[in-house]
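Written out below as structure tokens is the structure these notes cover.
The values are calculated or read from the model by the stated rules, or taken from the named source; none is laboratory data. In this text, all values refer to a predicted model and were calculated from it rather than measured experimentally. Please note: Cβ atoms are built from the backbone with ideal geometry, for glycine as well, and neighbour counts cover all protein chains shown.
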Amino acid sequence: MTTTAVAERQAEGVPGITQDARANVSFARQPILNRDNMLCAFELKLYQPPAAESAEAEEDADSEQPKAGPSAAERFIQAVLQHDVRAALGNHPGYLPVTRELLFDHAIRSLPAERFMFELPADILADDTLIARIVELHGRRYRFVIDNVAQADETFARLLPYADAVKIDMNRIPQAMLPKFASVLKSAGKLLIAQGVESQEVFEQAFNLGFDRFQGFYFANPQGAAARKVSAPRHALLNLLQLLGGEPTVAQLEAELKLNPVLVMHLMRLANSSGLAMGRKVTTLREAINATGTNRIARWTQLLLYADGRKVALEDDPLLQLAATRARFMELAVERLPEAGRDETDAAFLTGVFSFVDSVFGGSLEHTLNVLALSKPIRDAILLREGALGTLLTLVEALERGAWAHIESACSGLDGVQVSDIAQMGLVAAAWAGIADRSAEATGLERIED
């Protein structure tokens, strides 16, 4: 990792890549959206290495410490509570898959009930003992989701009275029973979550049936972007990017930024965030420009091409969060490759940013990349998945979907990089994506015209 990247991360208050080898567990996160198409939660997708690898890691850790130690469940909980996981969730709750064994371990009570929803597998053994344990935990304010539901069997019927939400697999449930099924569950007061929503058509079907939450990447498809209620003034952002490509004066930046109030709002928040704070409140646009610097303004301008256009927190906008997390992951990952310098890290960030820019502008991705005048290695990585950048782009796409087998295969071609490293970089990138907007208020915006 370059010294510049480390210094930048410390300046922005983003956690570093740290993990406990004894936990033998890693996580990726998947977005869950509400009916306004805003982020409202993340599911944590679990990865545990093969048994041999897990045993080796535990043996290495135990060689330096006494044999007595935390149980497997306690190590799992420790992994969930690590700083990078909490930072990646931001202010959103996490949906956490649990097993029968974990539910009966006392360590589960270490998890804050207000931060996690426990996902019960649809095939869990739902006997009287389990129901009693769920009732006990429910009394401690823990909430439960029946996961991956495709039919109403006996297990589902036993769990339903104690579940706050039901996650329905839109690709497996029989379409003929879906409307009645959804109606009955809504009448019972259950939160309905549509799982596997990969197209605008499926989203609209679930929306019209009264579903409350949606999990899938439909929002990143061009058709999903076209259906957004509000479109940001992206031509102004493109003009600003062209200006930033030179050496603009503060006065020139002020004039161009004032054409995009939403960008100004986020710039003010960025300037007042904990990592960049000047020791006093930034209240004017000129102060915000000086506090933030042109490099960061350029990066956030690129990312704000994906913004919804409404005055909402950056960490609630799913498309922007996906772009920001992907771009930062690319930057972190390329630094693990030999001979990575500043040019390579910048190219990696741009590759991540513009890898699905067609979701914003529509039309062909190739045409949009040509308009943006990106370099050939970046274009080849995005269009053809060629070169090191193409490999990393394929890797981050697999991480977004929790495709661990694909990640294992890809890591075999990356010297010294393990699946756990990839997962941890994903969490650090996710934390970076939300950090700029988290600790600042948008006060002072009324003065931007002064």
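A quick yes/no check of all residues on (1) modelled with pLDDT of 75 or more; (2) under 21 Å from residue 325 (Cβ atoms):
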| position | (1), (2) |
| --- | --- |
| 264 | yes, no |
| 269 | yes, yes |
| 278 | no, no |
| 289 | yes, no |
| 298 | yes, yes |
| 309 | no, yes |
Practice prompt. Give the range 379-405 a look and list any residue that's in contact with a strand residue (DSSP E or B) (Cβ under 6 Å, 6 or more places away or on another chain) and closer than 16 Å to residue 430 by Cα, or say none.
Written response: 399, 402
Worksheet item: Can you spot a residue in the range 53-66 that is modelled with pLDDT of 55 or more and in a loop (DSSP other than H, G, I, E, B)?
Response: no
Worksheet item: Among the residues of the range 122-155, which ones are aliphatic (A, V, I, L, M) and part of a strand (DSSP E or B)?
Response: 145, 146, 149
Worksheet item: Could you say which residue among 335, 366, 344 is touching a helix residue (DSSP H, G or I) at 6+ places or on another chain (Cβ under 7 Å), within 22 Å of residue 244 (Cα to Cα) and not hydrophobic (A, V, I, L, M, F, W, C)?
Response: 344
Discussion item. Given the criterion among the hydrophobic types (A, V, I, L, M, F, W, C), more than 20 Å from residue 307 (Cα to Cα) and modelled with pLDDT under 80, identify the matching residue among 423, 348, 373, 403.
Written reply: 373
Worksheet item: Can you find even one residue in the range 28-42 that is at pLDDT below 90 and outside the structural domain of residue 428 (by TED's automatic domain parsing)?
Response: no
Worksheet entry | Qualifying residues in the range 78-92 (those that are surrounded by fewer than 17 Cβ atoms within 10 Å (Cβ to Cβ) and in a loop (DSSP other than H, G, I, E, B)) - the one modelled with the highest pLDDT | 81
Discussion item. Of everything in the range 184-211, what is on the phi > 0 side of the Ramachandran plot and more than 22 Å from the chain's Cα centre (by Cα)? Give them in sequence order.
Written reply: 189, 210
Discussion item. Among the residues of the range 116-137, what is the count of those that are modelled with pLDDT of 95 or more and surrounded by 14 or more Cβ atoms within 10 Å (Cβ to Cβ)?
Written reply: 13
Item to complete: Please specify each residue of the range 377-396 satisfying the condition of being touching a Ser or Thr at 6+ places or on another chain (Cβ under 8 Å) and either assigned to a loop (DSSP other than H, G, I, E, B) or acidic (Asp, Glu) (or both).
Response: 385
Practice prompt. For the range 143-153, name all the residues that are modelled with pLDDT of 95 or more, of a type outside the set (Lys, Arg) and more than 20 Å from residue 207 (Cα to Cα).
Written response: 144
Item to complete: Only residues that are within 25 Å of residue 214 (Cβ to Cβ) and in contact with an Asp or Glu (Cβ under 8 Å, 6 or more places away or on another chain): list them for the range 109-145, please.
Response: 117, 119, 120, 121, 122, 143, 144, 145
Discussion item. Given the options 285, 238, name the one that is modelled with pLDDT of 80 or more, hydrophobic (A, V, I, L, M, F, W, C) and outside the structural domain of residue 95 (by TED's automatic domain parsing).
Written reply: 285
Practice prompt. Would you list the helices (runs of 4 or more DSSP H) that sit entirely within the range 160-226 and hold 3 or more residues that are modelled with pLDDT of 95 or more?
Written response: 178-187, 200-208
Worksheet item: Taking the condition within 23 Å of residue 332 (Cβ to Cβ) and at pLDDT below 80, does residue 10 pass?
Response: yes
